[in-house]
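Taking it in order: structure first as structure tokens, then the write-up.
The values are calculated or read from the model by the stated rules, or taken from the named source; none is laboratory data. Everything quoted here is computed from the prediction, not taken from an experiment. As a convention, Cβ positions derive from the backbone with ideal geometry for all residues, glycine included, and neighbour counts pool all protein chains shown.
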Amino acid sequence: MANRGGFSNKLGFILAAAGSAVGLGNIWKFPFEVGNGGGAAFVFMYLGFCFLLCFPVMVTEIAIGRKTQLNPVGAFKALGYNNWKFIGLLGIASGVIILSFYNVIAGWAFGYFFEMATGNFEIGKNFGPFVANVTKVGLYAILFMVLTAFIVSRGVSGGIEKAARLLMPALIIMILCLVGYSLTLPNAMTGLKFYLFPNFSAINGATLGGALRQAFFSLSLGMGALITYGSYVSKKDNIVSSAAFITLTDVGIAFIAGLMMFPLVSYSTQGNMSDMEGGAGLIFATLPGVFETLGPLLGIIVGAFFFLLLSFAALTSTVSLLEVPVAYVVDEFKIRRSNAVILVAIVVFLFGLPSLLGNGAVDFFTNNFALPFGSDSSATGYSSDFLSFVAKIADTLLLFGGLAISIFAGHVWKKHNLDEEISFGFENYKTSLVRKLINLGVTIICPLVLFLLLVVVLLSNFAGIDVFTMF
Ligand code: PFF
């Protein structure tokens, strides 16, 4: 495996993988999904799914990647299970779909940075016209894709590791400062209550599915991103502790993003949580309004800095999303890395055009894409635009991926092979308690629970049947 490159050390891998996990999913998507899903009950489900279901899948993905040192398709072939390479192909398709819309939103964040840095304090009030302005958002999206492509073409280690080391802690500190500030605003406690005190009657098929999808999306699971990153990991590294760190960092950042957001929401709705801007605009419309309360100068500095850090968090995620199809093309078709990057980036960008145009610029892509049933059509801010539609399809594909990966690891590749791979870098793994948990996870809990929940999700979103209200 010459010239595939690798992470310079364990920290490099952890930072890159945590960088993949932490992104728009935590700061943009998590708060509005919590808003749509009824608040704290959603948060509880989300946390349960992350630790119970996602953690074993994460360990498994990294182990498969490190064992084979290949992309998700090559990995299943190399293990001798040609038939299972469909998981890898599905993952690559999911990656392309996710990046196609993710890059558009990353472009918005990047655009907000530029707008604020150049003195456009009113941008939050003009979110609608901004995203409908094709020239502007098109330019920002192109810029973001070029940046992503540049980093990926230089290989997985290097710049991204160094940047993550500095900017990730900066993002955490910034959010914590905003948490502190938001708690001082009027009506903050109403928002906090909505976020932290569960009303379990909010649980139904749609919110359960939403929480599960959010968990997989946020942890970058189910599409082989961590198989790909795992393929660059050394045998000396402890996969379990790495996965624990990545999970805790990702969940922790989503949680504090919620702590920042909900007091701000109740401040801007004067304590009327049902008036919240529930959809994709939450952080682009509500948050800048709060920056304004800091006064023009401080507001603009804090606002610009916030969106710069958010863009960076998005960049470490777009890099991992692009890396998956690129590693596949490089490994399987023996194309030069730089050419593969250009090819895949262009294809993905073109694929993203309907998402780019579907926010007011072109009526067809803005209004015709609701899923037949489910939460989309409720009054929670989900609209029928192409981007929301395709995002939901992609999230659901991740659940298929997670289910297939756990069945593969637990019942096809078998526990002892998984055990052996995890043991490298974790000497006492075979006698540890965490081994029992991981094995229980991949053999029974993940296959069973993911299968059942996937049925619930499909019934609620595609057939209009909510299992919870049937009884
Ligand atoms: N986890 C990223 C986020 O929360 O923003 C999104 C993502 C990146 C999903 C990479 C899937 C993936 F493979």
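Quick check on this structure: which one of Met260, Met223 is outside any helix (DSSP H, G or I) and either within 30 Å of Phe291 (Cα to Cα) or within 11 Å of the ligand (Cβ to nearest atom) (or both)?
Just one listed residue meets the conditions, Met223.
Could you tell me whether the stretch 376-388 includes any residue that is at pLDDT below 85, assigned to a helix (DSSP H, G or I), of a type in the set (S, T, N, Q) and surrounded by fewer than 22 Cβ atoms within 10 Å (Cβ to Cβ)?
Yes: one or more hits.
Among the candidates Ala17, Ala63, which residue alone is aliphatic (A, V, I, L, M), more than 13 Å from the ligand (Cβ to nearest atom), under 25 Å from Glu161 (Cβ atoms) and buried (at least 21 other Cβ atoms within 10 Å of the Cβ)?
Ala63
Mind checking which residues of the stretch 313-330 are crowded, with 24+ Cβ neighbours inside 10 Å and more than 10 Å from the ligand (Cβ to nearest atom)?
Answer for the stretch 313-330, where residues must be crowded, with 24+ Cβ neighbours inside 10 Å and more than 10 Å from the ligand (Cβ to nearest atom): Pro325, Val326, Ala327, Tyr328.
Looking at Phe408, Phe462, which is the one that is of a type in the set (Phe, Trp, Tyr) and closer than 22 Å to Val73 by Cα?
From the options Phe408, Phe462, the qualifying one is Phe408.
So Leu350 clears everything in (1) within 15 Å of the ligand (Cβ to nearest atom); (2) under 19 Å from Ile393 (Cα atoms) except one condition, right? Which one?
Just one mismatch for Leu350, condition (1).
Any idea which residue in the stretch 22-36 is farthest from Ala314 (Cα to Cα), counting only those that are within 7 Å of the ligand (Cβ to nearest atom) and either among the polar types (S, T, N, Q) or outside any helix (DSSP H, G or I) (or both)?
In this case the residue turns out to be Asn26.
Within the stretch 269-287, identify whether any single residue is more than 16 Å from the ligand (Cβ to nearest atom), surrounded by 24 or more Cβ atoms within 10 Å (Cβ to Cβ) and farther than 13 Å from Gly35 by Cα, and answer yes or no.
Yes, because at least one residue in the stretch 269-287 is more than 16 Å from the ligand (Cβ to nearest atom), surrounded by 24 or more Cβ atoms within 10 Å (Cβ to Cβ) and farther than 13 Å from Gly35 by Cα.
Consider Leu309 carefully, then state whether it is among the aliphatic types (A, V, I, L, M), under 22 Å from the mean Cα position of the chain (by Cα) and within 29 Å of Leu89 (Cβ to Cβ).
no
Out of the stretch 415-431, which residues are outside any helix (DSSP H, G or I) and in contact (Cβ under 8 Å) with a residue 24 or more places away in the chain?
Across the stretch 415-431, the qualifying residues are Phe424, Gly425, Phe426.
With Ile346, Ile342, Ile405 as the choices, which residue is of a type in the set (A, V, I, L, M), on the phi < 0 side of the Ramachandran plot, at pLDDT 95 or above and touching a Cys at 6+ places or on another chain (Cβ under 9 Å)?
Working: Ile346 fails: touching a Cys at 6+ places or on another chain (Cβ under 9 Å); Ile342 fails: touching a Cys at 6+ places or on another chain (Cβ under 9 Å).
It is Ile405.
Given the conditions (1) assigned to a loop (DSSP other than H, G, I, E, B); (2) among the basic types (Lys, Arg); (3) within 16 Å of the ligand (Cβ to nearest atom), report the number of the one that Arg213 does not fulfil.
For Arg213, the exception is condition (1).
Yes or no, residue by residue, for (1) assigned to a loop (DSSP other than H, G, I, E, B); (2) hydroxyl-bearing (Ser, Thr, Tyr); (3) touching a Lys or Arg at 6+ places or on another chain (Cβ under 8 Å):
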{"position": "Phe76", "(1), (2), (3)": "no, no, yes"}
{"position": "Ile87", "(1), (2), (3)": "no, no, no"}
{"position": "Leu143", "(1), (2), (3)": "no, no, no"}
{"position": "Gly155", "(1), (2), (3)": "yes, no, yes"}
{"position": "Leu167", "(1), (2), (3)": "no, no, no"}
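Give the stretch 243-252 a look and list any residue that's more than 9 Å from the ligand (Cβ to nearest atom) and surrounded by 24 or more Cβ atoms within 10 Å (Cβ to Cβ), or say none.
Scanning the stretch 243-252 gives Ala243, Ile246.
Could you please tell me which pairs satisfy a Cβ distance under 7 Å, a separation of 6+ or placement on different chains, a first residue in the stretch 186-205 that is on the phi > 0 side of the Ramachandran plot, and a second residue that is among the small types (Gly, Ala, Ser) and surrounded by fewer than 18 Cβ atoms within 10 Å (Cβ to Cβ)?
Asn187/Gly271
Hey, any hits in the stretch 179-187 for a residue that's part of a helix (DSSP H, G or I) and closer than 30 Å to Phe389 by Cβ?
The answer is no; no qualifying residue exists.
If Leu248 passes every condition in (1) closer than 24 Å to Ala21 by Cβ; (2) without any contact (Cβ under 8 Å) to a residue 40 or more places away in the chain; (3) touching an Asp or Glu at 6+ places or on another chain (Cβ under 9 Å) but one, which one does it miss?
Going through (1) closer than 24 Å to Ala21 by Cβ; (2) without any contact (Cβ under 8 Å) to a residue 40 or more places away in the chain; (3) touching an Asp or Glu at 6+ places or on another chain (Cβ under 9 Å) one by one, Leu248 breaks only (3).
Mind listing whichever residues of the stretch 43-58 are away from the ligand (no atom under 16 Å from the Cβ) and either farther than 30 Å from Val233 by Cα or of a type in the set (A, V, I, L, M, F, W, C) (or both)?
Of everything in the stretch 43-58, those that are away from the ligand (no atom under 16 Å from the Cβ) and either farther than 30 Å from Val233 by Cα or of a type in the set (A, V, I, L, M, F, W, C) (or both) turn out to be Phe44, Met45, Phe51, Leu52.
Given the conditions (1) surrounded by fewer than 24 Cβ atoms within 10 Å (Cβ to Cβ); (2) more than 16 Å from the ligand (Cβ to nearest atom), which single one is not true for Leu89?
(2)
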